[in-house]
Amino acid sequence: MFHEDISDLITVDELCEWLAIGKNAAYTLLNSGKIKAFRIGRIWKISKAAVVEYIRQESML
């Protein structure tokens, strides 16, 4: 069952701000699956939880 609120989704621009990275780096992370996300047409939708999980994995926290 889907429990996340729609406000728990961020855009590529917000992802770039959160991680202080450029769009090329963001799209590389998304296309590689390192950050779990989905697309609606050409627009990526990224859950905040997926970003937090990525940070935890990469920082080994």
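Observations
- Residues of the stretch 8-31 satisfying the condition of being hydroxyl-bearing (Ser, Thr, Tyr) and open to solvent by less than 70 Å² (accessible area, probe 1.4 Å): Thr11
- Within the stretch 1-27, considering residues that are more than 11 Å from the chain's Cα centre (by Cα) and part of a loop (DSSP other than H, G, I, E, B), the one modelled with the lowest pLDDT: Met1
- Residue within the stretch 28-38 that is assigned to a strand (DSSP E or B), among the hydrophobic types (A, V, I, L, M, F, W, C) and at pLDDT 95 or above present: yes
- Beta carbons closer than 9 Å, at least 6 apart along the sequence or on distinct chains, pair a first residue in the stretch 40-57 that is open to solvent by 70 Å² or more (accessible area, probe 1.4 Å) with a second that is in a helix (DSSP H, G or I) and of a type in the set (A, V, I, L, M) for Ile43/Val12; Ile55/Leu19.
The values are calculated or read from the model by the stated rules, or taken from the named source; none is laboratory data. Predicted, not measured: the structure shown is a model, and the values here were computed from it. Cβ: placed from backbone, ideal geometry, glycine included. Neighbour counts: every protein chain shown. Please note that ligands, DNA and RNA were not included when accessible areas were found on the heavy atoms of the full protein model with its side chains. Shrake-Rupley method; radii C 1.70, N 1.55, O 1.52, S 1.80 Å.
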